[in-house]
Amino acid sequence: MKNSYLMGMVLFLGALAFAMPVSSKPGQGPGKGQGPCMKEMQTVCPNATTMMERHQCMMENKDKFSQACQDRMNAMHSKMQEMHEACTPDREKFCEGVKPGQGRMMQCLRTHKDELSQACKDALPPGFFDRNGPPVEEEE
């Protein structure tokens, strides 16, 4: 379950890092508020339409991205690791029966906002509790 949670956090942070629409369809243009690596993502991974596909493509083609984008990926990976470590005790305490995926784990953490440890709260991205939840990836 920890690996599923970790993958969910990777995808969630990837969406934050690149600010791309998670449910984009082939042929649709990018949305507003794109992150600094979006143009490169479209060039390196033009056929990746879901966050999972984008993440996989990024990992397989990391060396094709500019140094600035690689630095951003590394920073987001570090942030994800920090968040995972800080929130694991809270996740195990409050979200034991929650199946990771489709934003369920993030929603569980939001539901227990007032009960989370300060370490977990501090490790979460700015505005984490202000959102309705991450966009849910559409099945194709």
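Here are some notes:
- Cβ-based exposure ranking for CYS87, CYS45, in which fewest neighbours within 10 Å come first: CYS45, CYS87
- For region 44-85, the equivalent ellipsoid derived from the Cα gyration tensor has semi-axes of 20, 14, 6 Å, listed largest first.
- Taking only alpha carbon atoms, region 37-130 gives an Rg to Rh ratio of 1.05, where Rh is the Kirkwood radius.
- Applying both filters, DSSP loop and at most 13 other Cβ atoms within 10 Å, to the trypsin sites (Lys or Arg not before Pro) of region 41-117 eliminates every site.
- Per-residue extension of 0.36 nm, minus the Cα-Cα distance of GLN56 and ASP114, leaves a gain of 17.4 nm for this segment.
Each value in this text was obtained by applying a stated rule to the coordinates, not by laboratory testing. As the structure is a prediction and not an experimental result, all values here were calculated from the model. Quick reminder, even Gly has a Cβ in these numbers, built from the backbone with ideal geometry, and neighbours come from all protein chains shown.
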